[in-house]
Amino acid sequence: MVAVAALIGPPNVGKSSLFNRLTRSRHAVVEDQPGTTRDRSYRRVQHRGRSFLLVDTAGLFANQRDELALAADQLARGAVEDADLLVVVADSTLGVTTEDLAVAAVVRRSGLPRLLLVNKCDSPERDQLAPEFHRLGLGTPLAVSARRGRGTAAALGQIGRLIPAQVPAPETADLPQVAIAGRPNTGKSTLLNSLLGQERSLTSPVPGTTRDVVDAEYQWSGRRLTLLDTAGLRRRGRVQMGVERFSVIRSLRAIDRADVCVLVIDASEGVTAQDAHIAGYAAECGCGLVLAANKWDLLEEDASALHRFQDSLRVRMRFIAHAPLAQVSALTGRSIKNVPRLALEVYDNRALAIPTPQLNRCLLTLGQRRTARGPRGQVARLRYATQTGQKPPRFDLFFSDPKFVHGSYMRYLENGLRRQFKLEGTVIRMRARSARGKQSGGRGGRA
C-alpha cells in the first residue's frame, strides 16, 4: 500500500503553494491521466525510485482561534492513524508562533517520522531565519521557498529518505477488493446497504456522513468479494478540518489497495471535474474501474438531464472510455446487481494472462495494418511482444526503432488489444522497447 506524506501546519504558511511546487517540480514525476486537471489536494509522486502520496492538509487550523486545542486533537487522531510522514511547514517571516508550537507538540506526541520545512526563505539572507525553528524540537529545519523553488529538490530528497517504501495493507481474506468511491452524497453508502440488505454504512442527506472506510463481505453468483465503502472525496478547498481531512487519506488508500474501484456518479448532476479526478487517481493506481451512474430513475423523467449526462460522460471521461457503465438506483434497488457483476468481470480482466502466440498474432496483425512512422517517413516495425505482468496487464513491445513510436500509436495498439481480448475496465501498461535490446520510452504509469 502506498505511503503517505502529509503537509501540515498553521494556515497561510504556504502549504498549498509548497504542495504545488513539490508536485510540479522537474525533480518529481507526477502521474497524470489525460482528461483530469491538476486541482487536487493529493498527488502520487515518484522521486528517485521511491513512490509516495503527498497530501495537502491546508486549512486544518483555519477559523479556529479559540478552538486550537480541539483542532490539534483532531489533527493528532487523523495524522497518527493515516500518515506515515508528517511534513511540518512554518513561515520564516513570522518566526515561531503559538500555532507552530501547538502543531509541534502534536507531531512530537505522534511518534511519526517528521520533516520541518521553513517556507518563504526567498533569498540566502532569509535562510538565516531557519535556525530559530530548532525551538520546535522537530529536528533540523530545512529552508525552502515555494514561491521561488529554492530548496524543493532537497525537500523531495528528504521526504524520499524518511518515508517508508511501502505500508502493509490491512489483512483481508484472499478476495477481490472492490472500493465504492465517489463525491460526497452520490449514494455510495446507500448502494452498499442495498447490496447487503442491511444498514452496514451510515447514510444521510448531509454530504460527508461516511468518515471511515467500511469493509463488508459480499457474495454474488457463488463468488465472494470485499466491498469497501469510502468517505466522499471533495474538491480541493472544500474538505473540512480534522477528521474529515484525514478521512480523504483513508479513501485514497482504499482505492490504492483495491482491485476494482466502483466510481458512483450522481447521474442527475452529470459527470463533474471531481468525478474525473477520482477516476484519474484510480487509473494512476492501476485499479480496475466501473462507473455506477446512480439516481438513473431521475433521468428517465427528464430527457434534457439524460442528454446532459451523456454529454458530460463523453467529454470528461474520454480518457477511461474502457470503463463499463452501470445504470442504477441505489434507493430503489434497480439494476444494482450489475455492479458486483461488472466489478468481478473487470477483476478477471485485470488478472488476464494472454498466451504469447495469441498476443503476437493480435499485435502483429495490428502492426501490419498501420505502422509507426517518424517525421521523415522512418518506419518503426513491431517485431514481437510479451506480457510482463498482471493486475494490471503489462506488456513490452519490441520495435525496430522505438524512438518513432508515439503515444497515439501505442493507443491504437492498446485499443486493438482491448477489442480482441475484451479487456474492459482495466488499465493496460505498455512499453515500447528496442528489438536490439535498448529500451526506449513507453506508455503507462505505475506498473
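The values are calculated or read from the model by the stated rules, or taken from the named source; none is laboratory data. Keep in mind it's a predicted model, so treat the numbers as computed, not measured. Reconstructed Cβ throughout: ideal geometry from the backbone, glycine too, with neighbour counts over all protein chains shown.
Brief remarks follow.
- Test: residue in region 297-307 that is within 21 Å of residue 179 (Cα to Cα), of a type in the set (S, T, N, Q) and out of contact with any His (no Cβ under 9 Å at 6 or more places or on another chain): no
- Residues located in region 111-149, provided they are of a type in the set (Ser, Thr, Tyr) and either over 17 Å from residue 87 (Cβ atoms) or surrounded by fewer than 17 Cβ atoms within 10 Å (Cβ to Cβ) (or both): 123, 140
- Condition met for residue 361 (without any contact (Cβ under 8 Å) to a residue 12 or more places away in the chain, over 28 Å from residue 221 (Cα atoms) and either touching an Asp or Glu at 6+ places or on another chain (Cβ under 7 Å) or not assigned by TED's automatic domain parsing to the domain that holds residue 224 (or both)): yes
- Selection status of residue 314, in contact (Cβ under 8 Å) with a residue 24 or more places away in the chain, more than 13 Å from residue 265 (Cα to Cα) and not small (Gly, Ala, Ser): no
Let's see how each residue does on (1) touching a helix residue (DSSP H, G or I) at 6+ places or on another chain (Cβ under 6 Å); (2) modelled with pLDDT under 85; (3) buried (at least 19 other Cβ atoms within 10 Å of the Cβ):
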{"residue": "226", "(1), (2), (3)": "no, no, no"}
{"residue": "235", "(1), (2), (3)": "yes, yes, no"}
{"residue": "242", "(1), (2), (3)": "yes, yes, yes"}
{"residue": "247", "(1), (2), (3)": "no, yes, yes"}
{"residue": "301", "(1), (2), (3)": "no, yes, no"}
{"residue": "307", "(1), (2), (3)": "no, no, no"}
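- The residue of region 386-413 that is nearest to residue 361 (Cα to Cα), among those that are within 25 Å of the chain's Cα centre (by Cα), buried (at least 20 other Cβ atoms within 10 Å of the Cβ) and free of Cβ contacts under 8 Å to residues at least 40 places away in the same chain, is 395.
- Neighbours by Cβ (under 8 Å, 6+ apart or cross-chain): first from region 131-153, free of Cβ contacts under 8 Å to residues at least 24 places away in the same chain; second among the polar types (S, T, N, Q): 134/140
- Here residue 426 meets the list (1) under 30 Å from residue 340 (Cα atoms); (2) polar (S, T, N, Q); (3) surrounded by fewer than 20 Cβ atoms within 10 Å (Cβ to Cβ) almost entirely, failing just condition (3).
- Residue check for residue 231: at pLDDT below 85, part of a loop (DSSP other than H, G, I, E, B), surrounded by 21 or more Cβ atoms within 10 Å (Cβ to Cβ) and among the hydrophobic types (A, V, I, L, M, F, W, C): yes
To keep it simple, each residue is scored yes or no on (1) at pLDDT below 95; (2) over 24 Å from residue 320 (Cα atoms); (3) touching a Ser or Thr at 6+ places or on another chain (Cβ under 6 Å); (4) not acidic (Asp, Glu).
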| residue | (1), (2), (3), (4) |
| --- | --- |
| 337 | yes, no, no, yes |
| 348 | no, no, no, no |
| 361 | no, yes, no, yes |
| 365 | no, yes, no, yes |
| 370 | yes, no, no, yes |
| 374 | yes, yes, no, yes |
| 398 | no, yes, no, yes |
| 403 | yes, yes, yes, yes |
| 408 | yes, no, no, yes |
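- When the test is whether a residue is touching a Gly at 6+ places or on another chain (Cβ under 8 Å) and part of a helix (DSSP H, G or I), residue 135 does not pass it.
- Taking region 352-385 as the range and being hydrophobic (A, V, I, L, M, F, W, C) and either farther than 30 Å from residue 255 by Cα or surrounded by 15 or more Cβ atoms within 10 Å (Cβ to Cβ) (or both) as the test, the residues that pass are 352, 354, 359, 362, 363, 364, 366, 372, 379, 380, 382, 385.
- Among residues of region 266-293, those that are assigned to a helix (DSSP H, G or I) and hydrophobic (A, V, I, L, M, F, W, C), counted: 6
- Residue ID - farthest from residue 394 (Cα to Cα), chosen from residues in region 330-362 that are small (Gly, Ala, Ser) and assigned to a loop (DSSP other than H, G, I, E, B): 333
- Residue within region 68-76 that is of a type outside the set (A, V, I, L, M, F, W, C) and either at pLDDT 80 or above or in a loop (DSSP other than H, G, I, E, B) (or both) present: no
- Hits in region 98-132 (condition: in a loop (DSSP other than H, G, I, E, B), in contact with an Asp or Glu (Cβ under 8 Å, 6 or more places away or on another chain) and at pLDDT 90 or above): 113, 120, 121
- Selection of region 350-363 for residues being more than 21 Å from the chain's Cα centre (by Cα) and of a type outside the set (A, V, I, L, M) yields 355, 356, 357, 358, 360, 361, 362.
- Against the numbered list (1) within 25 Å of the chain's Cα centre (by Cα); (2) touching a residue at least 12 places away in the same chain (Cβ under 8 Å), residue 298 comes up short only at (1).
- For residue 62, the requirement of being at pLDDT below 80 and either touching a strand residue (DSSP E or B) at 6+ places or on another chain (Cβ under 9 Å) or not assigned by TED's automatic domain parsing to the domain that holds residue 143 (or both) is not met.
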